[in-house]
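Participant: Submitted below is the structure of interest, expressed as structure tokens.
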Amino acid sequence: MTSTKKLLNYLYAHIKTITGGAMNNNILRTEKVKSRSQITQAAEHNFRLRDQNNIDSNRSHLNKIFVNTLNVDTKKSSDLQEKLTSFYQSLDIKEKKDNVLMMEFVVSASPEFFEKKSAKQIDEWAAHQVEFFKKEFGEQLKIAILHLDEKTPHLHFMIGTEIKSVKKYRNQKGEFFKETWSLNAKRYDPDFLSALHTRHADWNKKFGLKRGVKGSMRKHKSLKEFYAMVDKALNSDYAKQIEKSIESLETSFFSNKVSIEEVREKFKPILNNVLKQNKALREKYALDIKQWAEDLSKRDAELKEKEEVLKQRNEVYADAINRAIVDAQLIQEQQNIIKKLKEENSTLLHKLGGGDLAKKSTLKSTSQKVKL
């Protein structure tokens, strides 16, 4: 990718972060694995056999192995390359020094896609990805594992590069066909990978995911790295390019017709002006873009600071609301107790009031008898 494209991709990613734009992009990355040490390193990462800062070990138990056709011991880092070696030997494959032993693919989506997704929904998404890779690579698919202990859910796919070919030969006894196996990763060129990415994005349309911009390799860079890219993108040596063009004219269109010195002399004033203007534009453009980047970076920092303040306020508000809810519950309980006590008191008063009336009635009856 050219420096200019990297620059534009960086700006695009940074603007998206600052504006808070949500993007549900389908993500598919790949890497060639050319040595057994690389296979072991991949196994150590994929099977969590080494400590890494970006991994939450408390969630590693949630990771899930979907495919393990070689019956690899996931507790032993070297077992994947050992089992793969035995598999290739069983096919009588003769390895060459420059062979690609495996292809590793990483599949994910924009972080926004996974927000508020349940474990069941993520598992359905993961199973859908495994189905795609089985359809694309068949028995070449050796390992498929889902990682849920990093910031964004993703899957790793380890693909073998074994290829079967059928050779036809003849002898005195007739025509024969012979199957042979070899390692071949030539098909994984930019065109194939681009088409694969498109097919994979189409496969995931049901989840509302879409393909990223073709040819983009978006990565987040520090401001210092961004400055370096700007300088590299703008510091093309046009003088050498123009000189090279004139040299080529000397042996083609202008050959035997006009001297090269005459051409240089004629175009020298024009070229000088172009180069001076180009230099001025480069300097101004670099200054403008760097200033823009600084402004974006500052705004990004301010927004993050505000976000942290809002987060703290939300925590305070949540705590206050929780206390209010507890207080309301206590008040309700006290009111229920008071109500119950009032009812009991009313009952007692009623009983006491009824007894006094009975005594008064008895005394009145006795008094009347005495008079008689």
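Participant: Treat each spin label as a single point 7 Å out from the Cα along the C-beta direction, and report the Lys210 to Gln291 distance in nm.
Facilitator: 3.4 nm
Participant: Okay, next question. Quick one: net charge around Lys164, please, counting Lys, Arg +1 and Asp, Glu -1 for every other residue with C-beta under 12 Å from its C-beta. Let's see the in-between values first.
Facilitator: Numbers: positive: Lys167, Lys178; negative: Asp92, Glu139, Glu162, Glu179.
My count for the surroundings of Lys164 gives -2.
Participant: Would you tally the net charge around His45, using a Cβ to Cβ cut-off of less than 13 Å, leaving His45 out, and scoring K and R as +1, D and E as -1? Could the numbers behind the result be given before it?
Facilitator: Details: positive: Arg48, Arg50; negative: Glu31, Glu44, Asp51, Glu104, Asp149, Glu150.
Every neighbour counted, the sum reads -4.
Participant: Using only the Cα atoms, what convex hull volume per residue in Å³ does the stretch 29-130 have?
Facilitator: On the way: hull volume 13.0 nm³, N = 102.
Spelled out: Cα convex hull of the stretch 29-130, divided by residues, is 128 Å³.
Participant: Compute the length gained on full extension between Lys178 and Arg299: take 0.36 nm times their separation in residues and subtract their Cα-Cα distance, giving the result in nm to one decimal.
Facilitator: Details: separation 121, 0.36 × 121 = 43.56 nm, distance 6.63 nm.
Residue separation times 0.36 nm, minus the Cα-Cα distance, leaves 36.9 nm.
Participant: Can you pull the Rg over Rh of the stretch 103-190, Cα-only, Kirkwood? Intermediate results must be reported in sequence, preceding the final value.
Facilitator: Details: Rg = 19.5 Å, Rh = 15.9 Å.
Ratio value, two decimals: 1.23.
Participant: Could you compute how much accessible surface Phe177 exposes when probed at 1.4 Å, giving the result in Å² to the nearest 10?
Facilitator: 140 Å²
Participant: If you roll a 1.4 angstrom probe over the protein chains with everything in place, what fraction of the accessible area of the stretch 18-142 belongs to carbon and sulfur, to the nearest %? Don't skip to the answer; put the middle values down first.
Facilitator: On the way: 3210 of 7110 Å².
Using a 1.4 Å probe with all protein chains present, the stretch 18-142 comes out at 45 percent carbon and sulfur.
Participant: When Lys and Arg each count +1 and Asp and Glu each count -1, what net charge do the other residues less than 12 Å away from Leu148, Cβ to Cβ, add up to? Please report the intermediate quantities before stating the final value.
Facilitator: Values: positive: Arg48, Arg59, Lys64, Lys117, Lys151; negative: Asp56, Asp123, Asp149, Glu150.
Value of the local net charge: +1.
The values are calculated or read from the model by the stated rules, or taken from the named source; none is laboratory data. The model shown is predicted, which means the values in this text are computed figures rather than measured ones. So basically every Cβ, Gly included, is an ideal-geometry build from the backbone, and we count neighbours across all protein chains shown. Accessible surface is based on the protein model in full, side chains and every heavy atom, while ligands, DNA and RNA are left aside. Shrake-Rupley method; radii C 1.70, N 1.55, O 1.52, S 1.80 Å.
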